[in-house]
Structures are given as C-alpha cells and as structure tokens.
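All remarks here apply to the structure that follows.
The values are calculated or read from the model by the stated rules, or taken from the named source; none is laboratory data. None of the values given here were measured: they were computed from a predicted structure. Please note: Cβ atoms are built from the backbone with ideal geometry, for glycine as well, and neighbour counts cover all protein chains shown.
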Amino acid sequence: MKVTIDGFPIEVEAGTTILNAARMIGGDIVPPAMCYYSKLAGSGGKCRTCLVKVSKGSEKDPRPMPKLVASCRTTVMDGMEVQNITSPEVIEARKGVVEMLLINHPLDCPVCDQAGECHLQDLGFEHGAAKTRYEFDRRTFDKIDIGDKIQLHMTRCILCYRCVFTADQITDHRIHGILNRGDHSEISTYIQKAVDNDFSGNVIDVCPVGALTDKTFRFKNRVWFTKPVEAHRECHTEGCCGKVTLWYKGEDVIRVTARKDEYGEAEEFICNTCRFDKKKTADWVIEGPRKISNKSVISANHYETLKPLPVVKSNPLLIEANKEQFERETRL
Amino acid sequence: MESLSNKKKQLTVKPLTLMEKAYLPAIVQGLSITMKHFFKKPVTIQYPEQKREFSENFRGMHSLKRDEEGRERCTACGLCALSCPAEAITMTAAERQKGEENLYREEKYAAVYEINMLRCIFCGLCEEACPKEAIYLDGDIVPSDYLRKDFIYGKDKLVEAPLNQ
C-alpha cells in the first residue's frame, strides 16, 4: 500500500498505522506520541498528541477525512495522503492538546527527576504557549510509594495507561490500574499494595512523564550531569535481555535504565535485579558511551570534537561556483 | 618614496632659544602644573575605607535568596550549574523531611551548594537560568583571601540571613 506523509511516499503493509508508516520514513514528520508504545499491544489512542490530517482518504475514495485523526490508531489505506507538520491545523490542534495535558500538570520540573528526558517537557517546549489560561486549582495527590523502589507522583500523571499495559503484558499479574473516572481518574494500587514482580521496574521506563520514578535515583542528580554508558551483563532472569544504559556520575553508577530508541521507547525490557541491584561497574561489561542527540539537554557542555564548529557554514554550491570562476579566469 | 597618506611630517631639530636655554622657566612651568593638582579634587578614592557607589546592574557576590516566609528558595534543579560557562557551581540535592517545611520551600533542596569564586566570571547567567528566583549576584566584590580553598563558597556564605535577625 502506498501512503504519502507530508509529501514523502512510502510502501507499507496493510494494517500499518499512520504513525508507524511515518516512523519508517523518519525525521521531523514523525508525529509525537505520549501514550503509544510500539512494544505494548493495545497502547495508544489516549493522549491525542499524534493527531494528523488525512487530506485524501484513499485511491478509491479520495475525500479527506472530516476530522483530524489519531495516527497511532488509524491504519493506512492505499493512496492515502497525510499531512502532519505541513498542516497548520494539525500544529494548532496539537498545541491545544499540549495545553490540555498541562492543565493539571504541576510544572515542578525543577524538582522532578524526569526533567531533561521528559516527553511532556519536550512537547511543551515545542508546541505549548508559555502561559496557562487555567485559573482553577490543579488536582493534587499525595505521592505514593509503590513498593520500596518505585514512587508514584499522581499529580504529574497524564493517564497514558502505558504502565498499566506494561504490568499486564510484561509481568504475570498486575495489581495496579486506574481508579475512579473522568477527572478523578488516578493510577493506583489497591490499598497501596506493593507492586512486587521481577519486571515491575519497567513502568518507570515507559512513563513518558515523571509520574513513576526510580526511588533509588530520587534526587541523586540531574539527568544532564550524568554520563550515559551502554553496558550488558549475563542475566539469568527469564525474559531479561541484560542490555542496559548505565548513568554515571563520576565513578558511580547512579541509575540503570533500559536502552531507549530515538522515540524514547525501551528497546528491550530489563528485570529489577539489573535495574535496582547491580550498581557497580564490576557487574557490567561496558560497551561504550551512549549516543545522545545534540538537541538533548543531556549533551549540553559535552563536545564530540575538540575543534570548535565552523562559524560560517560551508556552501558546496558557492565553492563549486568559485572554482569554476577561478578556472575560467586562469584560462583567459 | 612619496607617502600614500600624505600625513608624514618631516621633523627638523631646531637650536634651543634663549628662554629654553635658561632652564628655570621650564622648571617653574612644570612645577606649577604639579601645584595646581594639589588643590584639585582627587580622582582616586581610599578603597577599603571608602567605596564607590555601584551601578544598579553591578554583578558581585552571589546570594541565595529566601522567600517571604524565610524559607530557602533554591530547589537544586541544577540549571544554574548547567548554564554556568565557567562550571563554577556544584550542588547536591536532598529531600525535605517532615518538619522542615519552614526551612525549605520545595520538597527538594540543596544540601550542599558551592560556588568556586576563582572560576566564576560574574556573567550572571545563573541568575537568568534560575526558575525559582533563588540566586542573585547582588552582593559586594568578593573579598581577597590567602588560600584557594577559601574561595569555594558554601551555603554558609551564600544563603541570605534569616528574616528575624
């Protein structure tokens, strides 16, 4: 099936969603996703940040879709034409979604451990207006300890359901879920019962905001002062790949997370032993430093080369023209 | 060769006139300039005793502010240290315990906050980066000292005095 996203054509299999088709193309045209997680079946459709405009339904029925659609839930049709960043309507709608997500968000980024790798922060920075129009009190919750390693800040939660899907699919039984309805919904465990499972730590990685955080890393350091290093170890827990990112501060490993791809999704899930108990360099085989996008705050003040970047961008067209001119003059 | 700018001047050494040969008039003239300066207002000041008025946007020593209830504003978010081009700032965060609500404004606070005054270039970027309006470079000139270690200012020197004092 042929689908065109922002003018880029691509051939995909039937049943692929627009979001996944865009990810196959890559680059700036990939819609952001707060709730969709490619490793979790059934995720998506909650946050509405991935809204796109379908300007041509399909080859058979070329009428545009009447409303913006969630690209993580809409499958492609043959000859479909999709607009993401080329449509001002989509940008405007996404800005509205960001404002909506931030209505009850406490904006305590200076305190939050997720700051620097938070998807909501990135989204707010890219789309959100600097001011809020909301005049009422934000909903507040006390922070809850889910077990002794995970802390839940319900105030920061955007109800993406990723952690619920993780607990359902990665662990054998889940004991947390969404309580109440509508504006009162909250993630919780029944009577604060501890999540006690070998893979429960993965809910920290899948959380797009700072609602579920690692208690062993709590307030230890800011993400951008730590050095990420790729490492692996032989893990005997069934289902754990043992491939992780270690976050160093000086000599110490202060945090262990799963490796995340360019969309912030864990490549493979890891067990709690790897995540919480193995915090010595001796436990790991180091593979090398982790590549960090130069747009990320984590790469601030780190330089790949000692040579400073050129101030003037080299223009190949200009160089070619100059060479031609020089040759012509010397010939004369 | 002819000079390009036409500004070149040919100098010739002339013989001294009688007035110049007499030598004393020139001495008197020179001394009179010196004497005149005795009665003029001095342009310098006696620094440690006297101090000049600072400009309104003068950037001196840092101070960590308290809020209107006397609680420390700093929440150890690390943005000052991130923005610091001289990497002069370091900090360690800690969690506020129950009963310390009157000391710290947020649930996280800086347990250790150090500025190396020898590294600091007083650019004021930390002040601009601070989301909590906690740090200002509104102090005096950083005083001199003998040892390098004494220039690493901790919270004892940086935090503002409590309100009731």
Scanning region A:253-306 for residues that are in a strand (DSSP E or B) and touching a residue at least 60 places away in the same chain (Cβ under 8 Å), which turns out nearest to the chain's Cα centre (by Cα)?
A:ALA266
Quick one: B:LEU158 ticks every box in (1) within 14 Å of another protein chain (Cβ to nearest Cβ); (2) of a type outside the set (Val, Ile, Thr); (3) in contact with a Phe, Trp or Tyr (Cβ under 9 Å, 6 or more places away or on another chain) except a single one, so which number is it?
(1)
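Yes or no, residue by residue, for (1) β-branched (Val, Ile, Thr); (2) more than 14 Å from chain A (Cβ to nearest Cβ):
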| residue | (1), (2) |
| --- | --- |
| B:ALA81 | no, no |
| B:PRO85 | no, no |
| B:GLN97 | no, no |
| B:GLU101 | no, yes |
| B:TYR104 | no, no |
| B:TYR109 | no, no |
| B:VAL112 | yes, no |
| B:LEU125 | no, no |
| B:LYS132 | no, no |
Pick from region A:180-239, criterion aromatic (Phe, Trp, Tyr) and either assigned to a strand (DSSP E or B) or more than 14 Å from chain B (Cβ to nearest Cβ) (or both), ranking: nearest to A:ASP145 (Cα to Cα):
A:TYR190
Condition met for B:TYR104 (surrounded by fewer than 16 Cβ atoms within 10 Å (Cβ to Cβ), more than 20 Å from A:VAL223 (Cα to Cα) and of a type in the set (Ser, Thr, Tyr)):
no
Could you run through region A:16-61 and say how many residues are surrounded by fewer than 16 Cβ atoms within 10 Å (Cβ to Cβ) and closer than 23 Å to A:ASP261 by Cα?
7
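Quick grid of which residues meet (1) buried (at least 16 other Cβ atoms within 10 Å of the Cβ); (2) among the aromatic types (Phe, Trp, Tyr); (3) assigned by TED's automatic domain parsing to the domain that holds A:ILE146:
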residue	(1), (2), (3)
A:THR226	yes, no, yes
A:THR237	no, no, yes
A:VAL244	yes, no, yes
A:GLU262	no, no, yes
A:GLU267	no, no, yes
A:SER314	no, no, no
A:LYS323	no, no, no
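Per-residue answers, yes or no, for (1) aliphatic (A, V, I, L, M); (2) without any contact (Cβ under 8 Å) to a residue 24 or more places away in the chain:
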site: A:VAL98; (1), (2): yes, no
site: A:LEU101; (1), (2): yes, no
site: A:PRO110; (1), (2): no, yes
site: A:ASP113; (1), (2): no, no
site: A:ALA129; (1), (2): yes, no
site: A:LYS143; (1), (2): no, yes
site: A:GLN151; (1), (2): no, no
site: A:TYR161; (1), (2): no, no
site: A:THR166; (1), (2): no, no
